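K.L.:
This structure is in structure tokens; I'll ask about it shortly.
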Amino acid sequence: MRRGRIGAAAAGFNRQQKSAVERDLASALHSLMTGQGLQRQLVDRLGSSRDELVQMPQSPENQAAVLAVLGWGSRETTRVALARQAQPAGSRAPGASEEELNRLMQLVSATLSSLTVEAETLKLGQAVARSQLPQALAALCDALFPPGLRCCGGRSGGAGSSSASSDASVTGSGSGGPAIGSAGLRTRLDVLVSVLVLAALLWKVDGQRVPELVEQLSGSGLVERTAAALLRAQEAECGQQPQQRSSSSSSSRNSSGNSTATCLGGWFRTSRYAKLLWMTYGSLTMHMATVCAPAIPPRTWAMPEVAQGVAGDIPLCRKALSGPALQLWVGRTLVAETHRCLAEAEVEVQVQAKQQHDPAGAGAGAGGSLASARPVGSPAAADASRQQLPPPPQQRQQQWYGLPEGLRHGILPMLRGHSNAADLLMDVCELAGVLWEFTVSGPQLPRLAQPPQKAHFTNHPASQAAVMNVLCGAATPEEAAAVAAAEAQLLPLLHPPSYTALQVFEMTHTALAAAVQHAPAEAVSVNAPSLLARLAMELPPRQAAARLPGLWRTLSRVLPRLASGGTGPQTDDIPNSLASFQGPFWRNIGLSRSETVRPLLYYMSMLLQLQLQLQVPASTSVAAAASGTASSAAAVAAAAAAAGGPAPAFSLRCALAGGLLPAIEALLRRLVFRTAAEATTGHSGAAAFLDAAHQASYVVNILLRISGVWPAILAHGPPRQVAALVRTMGKALRVVGDTFAALRQRPQMLATATQLLKPLRGSDKGQTFLFSGLATLLEQALVMTDQSLLVRGLEDLDCSTEAAEVAAEHSKLKLFVINDAIAVDAFAVDRAWVAAVGGCPAAGTAAATQQQALAAWSLQQWAPEMMRQASRDGRTNDVCSIYVVSLLRNVVQLGFWQKRPGAHLARLNRAGAAAPAVSPPAAAAAAAGGWRHFLLHDLDAVGWMEHMLGQAAADRSKEHLSEAPLKMQLGLFLHAAVSLEGAAGATGCASAGASGAAADADGGSGSTGSAAQGQLQEAGDSVGSSSSSSSSSDRSGTSRQQEQHARLLQHMRRLAARMGDNWVSAVELAGGLAQQLQAAGSTAVPTGGAASAATGVASLTSLLSAVESGKDRLLAYGGVPLPPCAGQTAAVLAEAGLALCGYPGCSSLEGDSEAELMATPGQHQKGGGGRIKTCSRCGVVRYCCGACQLQHWSTGGHKEACAGAAGGSRGGAGGGGKVAKAGK
């Protein structure tokens, strides 16, 4: 008895604690459960309690009551609205009143608002699925916006005029529909937006979706019906519109682009729900497209892991987004906002022109408000003027795609956080990109030069192997038929009735081109360019060829923006402090910026490999494609043809002409420069840097490595752009490596930053991947320059059988060792494609000479930093030191080239085979000496290898022991290189008739053309003189190199003892070779020195045979490319017109290009300007900033080398690159 009284008292206390709105909900639920409707007073109280409903506790009881009330209110509102429609126009008969309908709509709107604050969407989805609410809401949208809707006594269809009738099949519009007042239309639109907000919440993916709810949402067509309702609202002419026609259009347009005199325009201007409309559609579309960036296309290229849990829902999601009304509404909005952006930009240009002619009165014109929205000095204007690219295509929109004339000045209000119409258009492009990326595909599979990674097309109806073969043009007739049959079943479902794939491409490209030209520099787009790149590969060849030049120009303008945080409102509801380093654009995606842009980079990489299969002359193909871009792209092809080599692929030509290389350089500089300075200031700054470094590594690996176009870029790219990009990538590697080293000194900060990135699928491997990416690019360049010389050498052979045998053997070799080692998903860069795209120009041509020079420049810029990081970070596996070993092994082989033919002939003679007439030319011999000088003196490879072998000898782990053979081989090669330098010095004092020296002095015809041979000879002469003086200085001045050799040999002996007898013998042979050459260098008798050198050369041949695997036979037929040396560097910089900072250790990444860093104000709009410093004493060396000047003077050596300093001479300044802050 007592327990019962206590329970009753507690229940009464709980009832007393409930708020008034909760008590009203309980009463409403009781009435509905007993089969009664809601009383008018209860409807009014709940409809006016929106804020109380939102703020009340979200308990299961309250949620059930809200759902019940919302379901009843939706159905009752639908009933009343239909009854209103059934009444004859002007009838005064008793029936449903507008007042009653408004009360019910307020109830629906209030209860919808309370549901949108629900945090646990999974439980809400389960409750909604049980209540059958989606069907009720879909019927409500149809009832509130019936066909033939009129506002304020207006006539239906006026806004669309003649074009509105073409959309009647989609919207169901007609004449004689119901008329509503201004307040009624506003309330209807508010309810519609509330329905959209709830739908976006229900489609949200929180790990999983409710299957029953997905079926209801898709089957009810809720999203499609909301879009149809918006279209009907647009087409309903307001009774106030005739009055507006008589007034000036310039005074009746507001910032939203809508007429302020219409009810719809007034709602867009003043309603807070109007501000939510576009953002809600964006959120809804992103949720339905499985929260991926870019969205998963119908022809599934790849299924991201984040979408694996909801993969079964994709067909229903795609069906819900493929409705014609939604497609038409998004297309209308995109076209309207494109026109609005272009019109605003045109007015701004007029205002700027007027300001130049009449500065005093320019602000008081018709375009004053537009000019104030984005001033002349805004970042967007500066970005547009700096790029100096042609205007976007179809500025006047030759086709309006059925857009009513009344909507051509814009549809949406200016959203919070957007500065102008172009900024808003960028946001519209993103939503259209998500929608059409998810629902639209071209009519065919792309045709690529090499099979993509296996992760692509895993879910295609045909077998993956057959699809891969079709992609690269290697399919059998049976495979092609099977893929065609699967495509025939798949493709009819892809295209919505509204637009074809070509129309989608045209609308999106026109909008995106306009947006990137006029939007602020921080505005970002990812999904729209992804859509365009994919559709270009899926269009028929002629359609794709006509659009590639303009597309690459647009993509190149999009690319640098990927380093920005984006525009939009700042909010504080982002968990894990994501907003602090992601930016407003990226935080809504749910992935790190590096992972978000990776699919776009893959699309662009494959677009570079696109095979159009069109037999169009290279000089005219671009001209036939698009006017305004023919001259630049055709010039690339014409230059290649004039050089006598193969022209690069068409898509690559378009990319080079469209500015791809400056875009990549600008992106890398922005990514690293903006984040490295703040990396050690806190956890958010460190996380931002880690993600930026990872994104930079993706740019290098995906765009340049996987595409296989880097050797072709070296050969055919504009020298200034290529040289600047090479310099930037080297600086980026240095800054990234040093910043990572600084973060490792703060392990707690680094660990916290890594944890911040983990839920976003970010990574802390940016340094690792960037280091590996540059190593692969160097390998590709070295291999293809060697292959070019080999092909020329084989063409000069008299024996075609021998040439065919050598060529077949060469084709079987796996020369991309580093590229294959880091390959993901068994993907390997195809060497045949690298050659076909223009990466193997004919030796002796201008393209081949440029490729050799820029490849040497790349090695000169990157190798020292890679060696430094491998020595510092290699033991912790932050970088892979074995990649540097492999690269140096390729370099040292170039220094042995003149000895290869003799060794090969000796083996052939011993085998009794016919020996071809192989004789190294003098230019190649001199170039080989240049490579040895670069390796031994510029890189100090012996000292570096001594350090690395010392670490390996002290480390007995299995992992390091597995790398020991390659390190040992490089150590033996370096010993041989030093020995060869000693032999050359000894034979220089003797007669030229000794064996080995005769080959060096032979001036026979080589494998290079006359022009290239002259440059090789000049470079070799400059290096030979410095090499001779350096060797003499080493012999008479110090014993440092001998000490390094002794330590190197000691470490190799320790390692060889653990590796086997063969390695012990090779090391002892190397030791004997060193003793022979030491004796040759110390003898006082010239002939004795020559004899000892000849013996040393024989030992060298034996040593090379002991550690080589037969590849020297192939090298014997080739030649030696241009070596990195002071003369060659000066030639590269002169050809490129590139000025470098005088401090060799400069790591400044300020500005978008290395070419701008040292530009004077008269050369570029964005040059170094007042930051450039000149040494006040010598007046020769210039610096990008005072910091570099001070650093060079204090620790860089310019204080001692400056020609103007005390004790210095102007001629001994040590080159034009060493100067500092003198005179201070």
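The values are calculated or read from the model by the stated rules, or taken from the named source; none is laboratory data. From a predicted model like this one, the values you see are computed outputs, not experimental measurements. We place every Cβ from the backbone using ideal geometry, glycine too, and count neighbours over all the protein chains shown. These accessible areas exclude ligands, DNA and RNA; they are computed on the full protein's heavy atoms, side chains included. Shrake-Rupley method; radii C 1.70, N 1.55, O 1.52, S 1.80 Å.
K.L.:
Is there any pair linking a residue in the stretch 793-809 that is outside any helix (DSSP H, G or I) to one that is of a type outside the set (Gly, Ala, Ser), with Cβ under 7 Å and at least six apart or on different chains, and which?
P.N.:
From residues that are outside any helix (DSSP H, G or I), the pairs are Leu797/Pro916; Cys799/Pro916.
K.L.:
From the list Ala853, Ala863, which residue is touching a residue at least 40 places away in the same chain (Cβ under 8 Å) and either surrounded by fewer than 23 Cβ atoms within 10 Å (Cβ to Cβ) or farther than 23 Å from Val735 by Cα (or both)? Break it down stepwise before answering.
P.N.:
Working: Ala863 fails: either surrounded by fewer than 23 Cβ atoms within 10 Å (Cβ to Cβ) or farther than 23 Å from Val735 by Cα (or both).
That would be Ala853, the only listed residue that is touching a residue at least 40 places away in the same chain (Cβ under 8 Å) and either surrounded by fewer than 23 Cβ atoms within 10 Å (Cβ to Cβ) or farther than 23 Å from Val735 by Cα (or both).
K.L.:
Could you please tell me which pairs satisfy a Cβ distance under 9 Å, a separation of 6+ or placement on different chains, a first residue in the stretch 681-697 that is charged (D, E, K, R), and a second residue that is open to solvent by less than 10 Å² (accessible area, probe 1.4 Å) and not in a helix (DSSP H, G or I)?
P.N.:
Asp691/Ser592
K.L.:
Restricting to the stretch 475-495, and then to whatever is part of a loop (DSSP other than H, G, I, E, B) and modelled with pLDDT under 85, can you tell me which residue is most open to solvent (accessible area, probe 1.4 Å)?
P.N.:
Applying the filter and picking the extreme gives His495.
K.L.:
Is there a residue in the stretch 49-62 that is assigned to a helix (DSSP H, G or I), among the hydrophobic types (A, V, I, L, M, F, W, C) and either at pLDDT 90 or above or touching a His at 6+ places or on another chain (Cβ under 8 Å) (or both)?
P.N.:
No, because not a single residue in the stretch 49-62 is assigned to a helix (DSSP H, G or I), among the hydrophobic types (A, V, I, L, M, F, W, C) and either at pLDDT 90 or above or touching a His at 6+ places or on another chain (Cβ under 8 Å) (or both).
K.L.:
Residues in the stretch 116-124: is at least one modelled with pLDDT of 80 or more and surrounded by fewer than 17 Cβ atoms within 10 Å (Cβ to Cβ)?
P.N.:
no
K.L.:
Mind checking whether some residue in the stretch 509-528 is outside any loop (DSSP other than H, G, I, E, B) and within 29 Å of Phe827 (Cα to Cα)?
P.N.:
Yes, the stretch 509-528 contains a residue that is outside any loop (DSSP other than H, G, I, E, B) and within 29 Å of Phe827 (Cα to Cα).
K.L.:
Need the failing condition index for Thr567 against (1) crowded, with 22+ Cβ neighbours inside 10 Å; (2) in the same structural domain as Glu348 (by the TED database), just the number.
P.N.:
Result: Thr567 fails condition (2) only.
K.L.:
Anything in the stretch 311-359 that is among the acidic types (Asp, Glu) and not in a helix (DSSP H, G or I)? List them, or say none.
P.N.:
The answer is Asp358, and nothing else.
K.L.:
Hey, can you tell me all the residues within the stretch 756-767 that are crowded, with 22+ Cβ neighbours inside 10 Å and either part of a helix (DSSP H, G or I) or in contact with a Lys or Arg (Cβ under 9 Å, 6 or more places away or on another chain) (or both)?
P.N.:
Scanning the stretch 756-767 gives Leu756, Leu757, Leu760, Gly762, Gly766, Gln767.
K.L.:
Counting only residues that are of a type in the set (Gly, Ala, Ser) and surrounded by 24 or more Cβ atoms within 10 Å (Cβ to Cβ), which one in the stretch 496-524 is nearest to the chain's Cα centre (by Cα)? Walk me through how you get there before you give the answer.
P.N.:
Here is the first cut: in the stretch 496-524, the ones of a type in the set (Gly, Ala, Ser) are 498, 501, 511, 513-515, 519, 521, 523.
When the remaining residues are screened for being surrounded by 24 or more Cβ atoms within 10 Å (Cβ to Cβ), the result is 511, 513-515, 519, 523.
Numbers: Ala511: 20, Ala513: 17, Ala514: 20, Ala515: 18, Ala519: 19, Ala523: 15 Å.
Checking each candidate, the answer is Ala523.
K.L.:
Criterion first (in contact (Cβ under 8 Å) with a residue 24 or more places away in the chain, assigned to a helix (DSSP H, G or I), within 30 Å of Ala927 (Cα to Cα) and open to solvent by 10 Å² or more (accessible area, probe 1.4 Å)) does Asp786 satisfy it?
P.N.:
When the stated conditions are applied, Asp786 passes them.
K.L.:
Further, regarding this structure: List every residue pair whose Cβ atoms lie under 6 Å apart, where the two residues are 6 or more positions apart in sequence or sit on different chains, the first residue falls within the stretch 1176-1201 and is under 13 Å from Ser1148 (Cα atoms), and the second residue, located anywhere, is surrounded by fewer than 20 Cβ atoms within 10 Å (Cβ to Cβ).
P.N.:
Cβ pairs passing all conditions: Cys1185/Arg1171.
K.L.:
Give the residue, chosen from Arg318, Arg299, that is at pLDDT 85 or above and either basic (Lys, Arg) or open to solvent by less than 10 Å² (accessible area, probe 1.4 Å) (or both).
P.N.:
Exactly one of Arg318, Arg299 is at pLDDT 85 or above and either basic (Lys, Arg) or open to solvent by less than 10 Å² (accessible area, probe 1.4 Å) (or both), namely Arg318.
K.L.:
Given the options Glu779, Glu802, name the one that is of a type outside the set (A, V, I, L, M, F, W, C) and open to solvent by 30 Å² or more (accessible area, probe 1.4 Å).
P.N.:
Glu802
K.L.:
Could you say which residue among Ala741, Ala753 is over 22 Å from the mean Cα position of the chain (by Cα) and buried (at least 23 other Cβ atoms within 10 Å of the Cβ)? It would help to see each step written out before you state the result.
P.N.:
Numbers: Ala741 fails: buried (at least 23 other Cβ atoms within 10 Å of the Cβ).
Answer to the check: Ala753.
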